Each structure stands twice: as structure tokens, then as C-alpha cells.
1. Take the Cβ-Cβ distance between A:Ala31 and B:Ser241 as r, set R0 to 60 Å, and report the resulting FRET efficiency rounded to the nearest 0.05.
2. Which percent, to the nearest 5, of DSSP beta bridges fully inside the protein assembly as shown are antiparallel?
3. Relative contact order for the range A:458-630: what percent, with Cα pairs under 8 Å and sequence separation of 6 or more?
4. Please report the orientation-averaged projected area of the range B:534-583, defined via the convex hull of its C-alpha atoms, in nm².
5. Tell me the per residue accessible area of the protein assembly as shown using a 1.4 Å probe; a whole number in Å² is fine.
6. Ordered by packing density, taken as the mean number of other Cβ atoms within 10 Å over each peptide's residues, highest first, how do B:599-605, A:177-183 rank?
7. Relative to the longest principal Cα axis of chain A, at what angle does helix A:527-539 sit, 0 to 90 degrees, rounded to 10?
8. Taking a label point 7 Å out from Cα toward Cβ, give me the nm distances from A:Lys230 to the same spot in the other copies, shortest first, one decimal.
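The values are calculated or read from the model by the stated rules, or taken from the named source; none is laboratory data. Keep in mind that this is a model prediction, so the values were computed, not measured. For neighbour counting, all protein chains shown are included, and Cβ atoms are generated from backbone atoms with ideal geometry for every residue, glycine included. Side chains are part of the model used for accessible areas, which takes the heavy atoms of the whole protein and leaves out ligands, DNA and RNA. Shrake-Rupley method; radii C 1.70, N 1.55, O 1.52, S 1.80 Å.
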Protein chains: 2
Amino acid sequence: MSQRNIYLQTLTVADALERGRTALERDRLVAAVTIQTHEAAGRVTAAPVYARVSSPPYHSAAMDGYAVRAEETFGAREETPLKLTPGRTCFPINTGQPLPDETNAVIKIEDIIQLPGGEIEIDAAAYPWMHVRRIGEDIVATELLLPQNHLLSPYDIGALLTAGVWELETWEEIRMTFIPTGDEVLDFTTRPTPAPGQVIESNSQIFCALARQWGAQPRRVSPVADDPDKLRAAVIAGLESDAHVVVVGAGSSAGSKDFTRRVFDELGQVLAHGLAISPGKPTLLAVARGKLLIGAPGFPGSAIVCFEEILAPLVAWLGRRQPPQRPRKTVRLSRKTPSRLGIEEILRLAVGTCGAQAIATPFGRGAGLLSTLIRAQALARIPAAGEGIEQGAEMEAELLVPESSLERVLLHVGSHDNTLDLLTNEMMGLTEPYRLVSTNVGSLGGLTALKNDAAMISGCHLFDPQTQDFNFPFLQRYLPDLAVTVVNLAIRHQGFIVAPGNPKGISSLADLARADVSFVNRQRGAGTRILLDHHLRQAGIAPQQIRGYQREEHTHMAVAVNVLSGASDCGLGILSAARALGLDFVPLAPERYDLVIPDSLLNDPRILTLLELLRTEAFQKKIQDLGGYETCLTGQIMTAGQGLGRE
Amino acid sequence: MSQRNIYLQTLTVADALERGRTALERDRLVAAVTIQTHEAAGRVTAAPVYARVSSPPYHSAAMDGYAVRAEETFGAREETPLKLTPGRTCFPINTGQPLPDETNAVIKIEDIIQLPGGEIEIDAAAYPWMHVRRIGEDIVATELLLPQNHLLSPYDIGALLTAGVWELETWEEIRMTFIPTGDEVLDFTTRPTPAPGQVIESNSQIFCALARQWGAQPRRVSPVADDPDKLRAAVIAGLESDAHVVVVGAGSSAGSKDFTRRVFDELGQVLAHGLAISPGKPTLLAVARGKLLIGAPGFPGSAIVCFEEILAPLVAWLGRRQPPQRPRKTVRLSRKTPSRLGIEEILRLAVGTCGAQAIATPFGRGAGLLSTLIRAQALARIPAAGEGIEQGAEMEAELLVPESSLERVLLHVGSHDNTLDLLTNEMMGLTEPYRLVSTNVGSLGGLTALKNDAAMISGCHLFDPQTQDFNFPFLQRYLPDLAVTVVNLAIRHQGFIVAPGNPKGISSLADLARADVSFVNRQRGAGTRILLDHHLRQAGIAPQQIRGYQREEHTHMAVAVNVLSGASDCGLGILSAARALGLDFVPLAPERYDLVIPDSLLNDPRILTLLELLRTEAFQKKIQDLGGYETCLTGQIMTAGQGLGRE
């Protein structure tokens, strides 16, 4: 086995940043450049800016009306109105026009009476400088308009041009080069189809999009293989370019093919390797030839933390900006969330508001997970000094979406179904869109979430063998104290998902016990799992007889992917999942997939909208088009003992 | 006098927006376009996006270490460690690599012991799928990745590429054409010097910079003269281009040269003319050929309100985005602020935090003012239904800067001096910059602000003729209950600012009473005004003898600009103001310009930093370089009766 790296002492993010700022000479690395004012919004001034001309540049009318000499109007009163002659004692004037010589006030058009002969009449005196914008009222030539290190807003651009400032000194945009690495990575620009052992490189594009948000200039080079010489050459090319920062993607960890540390050691000084943050630990920070070198982890979740926690603050500091900051909001954590002492942990949260209360349900925490990050409304941190957060505790979340949109989030926690994806998309198509955010934890997990106020609705398809009913017996058992309404989403068909052509000839439960058949199961508590266990008991088959019974997946689609890849021969799931991947399907049983809704939310506009949508023919047609569903109960309120509603 | 327009019934912003949304056919106006995924951050999906490939696309190692078959490790315990042979019963593996066939778990590198013979030893069993990322754990092929009408984040780009989605349907960016109008406007691209009656056109560039922030595509055409035919031609050209929105700058009001309304009436349907909002009233909203037409007011403050309150929400709606929203914060208004019933009024606020308290001091409210907008930290609204806000009332402000920066804002309310500009710029050059925000209300206004907790420091140069002392007698009178510390900023020279060469030969106070001399005064309460009045009394000159005594300006520079423009022959002010505009200066008297600081803030880091800066030689040198100042007291704590410290 070849040489592996050893992490330097693990550093906190704050310490790593401090080392970076100390090691870099910002004034030598980043230059001031002169740019045109009208292209300067979003840039940062490198020097104070003084006004060149005043605004207004002359005494001008602030209203449409007549310019007068105020002193000549002093007698005007309601009982003794005054006549003025246009062109002699008064002058028509529009807003912004210069005052004629010897006038010093403007009478509004609304305040005059037009006389038939062309004269005008006023019944109140003007005072000096009434409705006049005087020279320099807004901006005075030579005064300080903006100090150094000021981020230029659209308003600033207007003020600068108004003040005759055509160009100004700003700090350069920070230029950054990203070098993707890895024998296994495929260049997305070639639109590749990954073979086993290959992945599509996408971290570079997360990097580029974030960098643009920071006001930096990102660049990406083609992926480099896991070869220290090639990596060294790429890093040297980056250092010799005009880039201020070079980022190496992946290869910063402790694996046998992680050469970044070695290359950074050769070319400069490594400041940090290994951070006390999760995800994001395998981050590498170095300085070479006065430039910043970053080794970013390969997992996207870790890479993003490296970008946002380490790179963003340093890039902001180099560019004399404030580091990007998310709006904050206090949320109530709906689930106990343990964490490792000594490591700051970043959680991804689904957040929705109910009145003043913001409910936050944490997503799964894998460093490799992008799917949770694209659904999350917020992040939160568990400090290194703690061992986790208790259920119901309040914590400060960092919002990824505007705060006002949280009241439009509908939190679903429960079983996954493709009709929910359909619902998610439809609700975003409304004139006033709602965001249905799903956390897939199975039917029982959903009921627990309802009990803990962690969900607003819960998708549930729990079959009770004893009563032959769906969901209600479980509600009585798990949610005895919560008043809920049960609305059917659809009747769906569960069956065996098998490879195309059903090569193993699986046609009944008995086939699962065959030695040549491998199965993939759903997780404990999932309605599909309960359905399987019921049918196994009825057929007299013990779980131990089934190879792969212990192999658990959390969604129908994941079960289907297992079958598609050949990892398993079959699994229990829904037709739409099989069809989506071109697999075959052997029906086992129809079941009722319901939405459980706390009665307290029945008048919530999110719920009302959802129910209205469910009851439209158009939506039911879309469910039918998925295949494997019946919509005869869709949108209807269910009662205990109704079963499939067919008896 | 030519024809003037009449406003339609004044509408609320909400009603105007509703009319716009009703009149426009969004689905016909804005098309979906296919763009490359890696260029899609910040765009909005026009259709649901489904994953094409799964992630991970195969079972892969989640850690660096050894891949094993979990079942073969079940006997390993601390007391009975298990030997494994690389290449046979275990396989070295790096994070992200595919699991070798028949393995189903990874043992972390940290958990193995390397034996001398090349074998490894483990003292704990692995469980199936330990440290393994399973196929589709993150993303499952065919599942919904993103719904329609979703704003694409950098994270989304990563997820889309990972899922093999190379391109996707998004809504077009909203294209907008801005037509500046007006005989008096100068094209900024020609770098003009405005003659009297001319102004530099800059609203188009505020518009363009804002539009880019909204994710729209702005375009500006050359200014069009005040001529209905030319305006009509320009609007038609805009309607015939690919623009979705055409905005006409200025000319939307009721003046005789405001042709926009007439042109819009001819070409389409006017929906609103005149809004119940201030600034921003003269806004015009129309629809022609299915496109949106906007007539924006000419004053920058009004134009910005039109852009942000009317255009931004409609552009967001067209592009299926959320309208831009500013973070909100509750602030305490430090000054009673009246407002007109029936008109929603937008205030610009200087905001700084002291502990949990956010103090907001409103700036002047002229529609033409850009200088206050570039200094403001927040906006706030006085609702149409009210007649204003009481002093000390809490109100919700919309932040223009990140909330965290408010604790770095140092609110100065008081007399203006050029050394304050110097200080403002120096404080922004610190490693941890502070923002000194000034509201110029004169010395007495500053003391009132301190009394009302509206300021953190106050620049003051009030001379008391009776005691021959500066500031302290006024503190005793106006702030008897507030413990304050007085620190000198500089001794400065006040004198007559006169035209170059002093053509009127002004050399003493007596000259002010000459019939051929016009004066420009400072506002009541200003230290300079008090100084003048004192010297006039001593010289036995009555204010009525001075032509222009009633003409008040609020800053030294504004006084100087009056002299430069010939509007006045002379004014009392400081040397630096005269010198900055190339004017002459006739000294009258030195005076002490002090900073008054509440004792409760003496340990505030902002104040500590300011005092430290004042006491550096480098800063005092910069004051001296301005000319007209002495720094022998700069940074020193003053005591009552000290005068100029020269006796």
C-alpha cells in the first residue's frame, strides 16, 4: 500500500482563517484598477471619491408651475388674490428646469388659477426658495461622495455620474482557478455517461457559481489525473497565471491518491490540513508565491463547506468586502440531533413557518449529499463544544431562501411517493407558488414527525392486517391525542420490481425464499415493509429465508436502482418506480396512500390549496398518467374502516 | 402655455401592480429557453427537472480504508482480533472508489493495524454497508430533482450536473430597454460638463445596475429630446425590439414637456398615472402590443421608488421569481417624522446599533436627493393611513446593508466639517472598517440629537460670547442631564468666502451691509451662524441691513457653491471649502470644532477606535494638509473655560 498523508493538527475554521490572513500580503497581491463608473456596481472603491460637479448644478424647479420672485407675491391672500403676467412677473417652468434670473420661488401648477386673458392668479404668497432645488442641495463639488473600501450599489452609480465622476479606482476582482482532479472524474463538458467507477465532475461548477456571487472571477481548467507530476504542473500553471487563488478539487484527504498536500508542501507553505468542522474536514490551506492555495474536499457537501467557510471569507478579505452573510432566524428543531464533541457540525434544515413558529426538520447528514442541500431552506450549526441539540430546542438558522418564503413552505415528512413529486411541481406552478418540501422517513416516521410538530402533512400507507384497514389503526396507536384528518392521495399498486424480462421468473412471494434470488428491502416502519411482512406471515415465510432481507433502502426508486444495477434481483415497490427505470413489475397488492393532516392546519392556505389541487380532474389525470395508480378516492376525506373503499 | 397632463386617479402601489399583472399575458410574453446547466445559476426553471443518472452511480467507499465483506469480519473483537490479507480478504480503497465485487463494507484506515508482513488486523466487526455510499443514496435516476419555477442556486447546478442533466429549460431573462428623455439631459458617455440648465443623465445607470441585480437584461438607448415624435419613435423601436419592457425616463409628470403619457395613450392602454407613494408619485404604467411600458419620474429618488416598487415586482412576476426583498429589522426612530395622510412615504435612515437597540435617524426627504440614499443603511415606510411617526417609536426598517454591519456604524449628527470626511475615509481603511455616517444638521441640531439618543457623536463649534468659551455653555444649557466628554477635532478658521480676486473688495463685517453685496447665510443653530450673529452684534450691524441674510445653506460647501455660481457675493465659512472651489478667503476668527461624546459610549469600540485615530500624527498631518486648521488640541479632552487653549 502506498504512502498516505497524515493530517496536521485539526484547526478551527477561525484559526485557519487567521493563518491565511497572516500569511498573505493583501496589498501586494491585489491591485487597484481604474474602471468606468457605469460598470462599477458591485465593485469596491480603492480610494475615496470626491464629487466633481454639484447637483443640482443650478437653482432648479422642484415642481411644475410658475417661477416668481417671492418678494413680489407677499400681498397675495385668499381675500386679495394677486394677478401675475406670464413672461413678465411669472414664468412657466417644468420640474428640473433652471430658475429664470431674479426669480427665487416656484408656485405649483395646482395652486394657480388660469385667467381667460392669459394671466394667472394666486391666493397665497410664495416664500423665498419655495419648491426650488438649490445649487448643491444634493451633492456639492469636491465633497467626499464615498470613502475607500465601499461596496458600490446601484444608487452609488447614479450619485457618481450625477457628480461627474466618469471613472474610479476599485480593487481588482479576485481571480480564482479551479483544478478538478481524479482518475475517476468525467469532464461534464463532454456530456459523459458514467461507467462503474466513474463520476461526473460538478464541484467546479458549484465553485464557479458561488464565486460569481462573491464578486470574484472564477475559471476552471480541465480535470487532472491522480498523478503528482501532472498535479504539480497544473498548480504551477495556476500560480504563474494572473489568478490570485488556486483551488485543487479533491485529493486533499488522506487517501493513497491524495497528492495535493505533497504538491502544496513542495511549492509553498501548508498552513492548515484538517478542520474541526463537519462536513468539510479534509480542507487544505497553503500559500505559495504570495498566492492562496486551497485543497478542497471531493464530496460536494464537504467541498461547499470549504468554499463557503474558508474560501469565501478569505476572498472577501482580499477584495475588501464583507464576507457573504445569510439572514438569520430562530427556529425550533423538531428532532433530537446528536453531534460529535470537538467538531462544529453544519446541519441542513427543511424550514417552514406556522404563525410565529418556524419548524426546522434536519435532513440526512452525509457529506456526499447534494439532494438535501437543494431542498434545504436553511443551515444551522451545532457548536464544537456541544454533543448535539435536543428535540424542541431553539437554534439560530442561516436562511438559504428569503424569510418571507418560509410561510409558503409546506413541510412533508413521511413515506415517499412519485405523486408527491407531481404535487411538488404542480404547487410551484400556481400563481402564488407553494414549496412542498419532503423528508422521506417512511410512514411511521411521518406519524412520529406529526406527533412532534415536525411536519405539516405526512404521507402514509400503513396496512393493518387485523382490521384490513389502512392508517387509522396506526393513528389510534401512535397519535391518540392528535386530531387529524386523513385525505386520500391515491390508491397505488405495490408489486415486485424485477429486471427486464423477469429473468429469475419471480411470480410470487415463495420465489423470494429461493437461494438464487436476492432481495432488496425497505426500511423498518415503511408501509411497504409492513405490507411485505404481512404477506410473508400469511405465506408462512420467515425473513431469514430471504437473501437480502437485511438490505434496506429508503425509497421505491432506490429499490428499483438496486434491481437495475443487478445488486439485487427484486424488491417490493410501486409500478411507477419500475417503469421509470425500464424494469418489469409483478403486481402483489393495491394499497391506500393517504395524507394525514393535523386538524389545526385545515384552514392553513397551504393545506387548502393542496386539497383544492388534489380535487381537480387535471391533477388526477396526471396521477393516472404515471401508471400504477387509481384516483377514485383522491382528495376524499377517509374514515376508519373504509379499507380500499371497494367493499 | 402648452397643454399639460392630468393625473389619472392616484392608485396605491398594490392596485397598480394588480392592474399590470391583469393586463399582461405572461405566458405569451415570456418564453422558455433551453440553456446549458453550468451557466444556469440565478435562472428559473420553466419545467420540472428529473435526474438522468443516479448518484452515487455505484456502491462506493465513504471513507479511505479497506473494503471487506462484512459477514467475514463478524468474529473480530478486541480480545480476538482478526487478520485480513490485502488483495484476498480485504482491498485498499479510497473515498469515492467503487467497492470490489462481493464486498459490502469499508473499514476506516484509522481503525486498522498494519502488521509487518503486509497483512492488517482489525479488532471490531464491520456491519453490512458500513462507510459505504450506496447507489442512488443521494440522487435516483428519473426522480424529480427540481420543480418548475425554481430559482437555481449554485448547489442546484452541482446536483444537476451530478445527475447528468447537461441542459434545462428556463424562463428567458426579462429584457428591458431604458429611454432617457429631456432637452436638458447630457449623455454621460460623452463625459460632459453641464452648463446652466443641463444635468447629467444617470437614472439609466441606476436602472441598469438594479435590473442586473434582479436577474434581468437591461439596455439603454441614447437620450431623446422633449419632442413627442421623437419619443414616439423611440418607444415604437423599443416595442419592436426583443425587449419585454420599455421604460421611459422622465417626462411622466404633469409638466408641459411631459409627453410620455400622450405617447403611451396613443400606442396602448395607460393603466396607472400617479401613485399614492412619496417619492415616486409621477409613475406611469401602460401596456402596448402585449409589452409593459413604464414612465419613470425624473428625480432620482422618485425614479428609484418607481424601479423598486413597481418595476421590480412586475419583472419578478414575469420571470417567475420572488420579488427582491430586503432583510428587516426593528429600529427606534430618533426623530418625530410627520407624513401626509393618504400617501405612503418612504424614509431613508441612518441606522447604527448600540447593544440590542437599533437607532434610526431619518435623512432629508427630497425626491432629488441621491446623497442621502448612498449614505443610508435602511429604508422605512410611513403607511398611507397615518400622519407620521412619533419620536422614539419603533418601526420596521428594510436594510440596505448586512445586519451585522450595523454594529460598525458610527452615527454622527451635528455640524459638517471636511475633517469629518477625512475621518470617514480613514475609518474605512482600518483592518476592521467602521462606517462613520453623518447627518448634517448644525451644532445645535447635533446636541438635540444627542439628547434624543439619535446620535453617537456630535460635531459642535458653538461659541458663547459671554464666557468666550466653546460648546460647554451650550452643553450645560441643552444637555444638563447627559454626562458627555468633549474631544477636540481641530481648531479651524472661519472667514468670508469670496469670488476669486475678491471683486467686491470684502474685507470686514461692515462690507456685508453694503447694498451691492449679497450674502449667503448658514441655517439657524449652526455654529457658524452663531459666530456671525455674535460678530454682527459686536459691530452693531442689524441682520436686516444684510442682503441675503435670509438665504440659508446647510454646509460650508453649499455656501461656497453659492459664491462660485455668483448667486451670492460672499458667505461665512471655512478656508477648506473656499480652497476646494478655487475661491478666495478673508479670515474672520479661529474656532474650536469639538466632538461631543456621551460618556456611556466611551468604551464602545467605535469611539475608542476614532479617538485612537485622532491621536495619531499621521491623521493630524492629513488635517493640516487640508489648510485652515490647527491640530494642537486634536484628540485632547476639553474642559470648560478652556477657550482656544491659548491664554
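1. Working: r = 39 Å, r/R0 = 0.65.
Calculated transfer efficiency: 0.95.
2. Values: 164 of 232 bridges.
Counting DSSP beta bridges with both partners in the protein assembly as shown, the antiparallel share is about 70 percent.
3. Numbers: 291 pairs, mean separation 62.7, N = 173.
With pairs under 8 Å counted, the relative contact order is 36 percent.
4. Working: hull surface 14.9 nm².
That works out to 3.7 nm².
5. Working: 49100 Å² over 1294 residues.
Solvent-accessible surface per residue comes out at 38 Å².
6. Working: B:599-605: 13.0, A:177-183: 23.1.
Highest to lowest by the protection proxy: A:177-183, B:599-605.
7. Between helix and principal axis, roughly 10 degrees.
8. List, nearest first: 6.3 nm.
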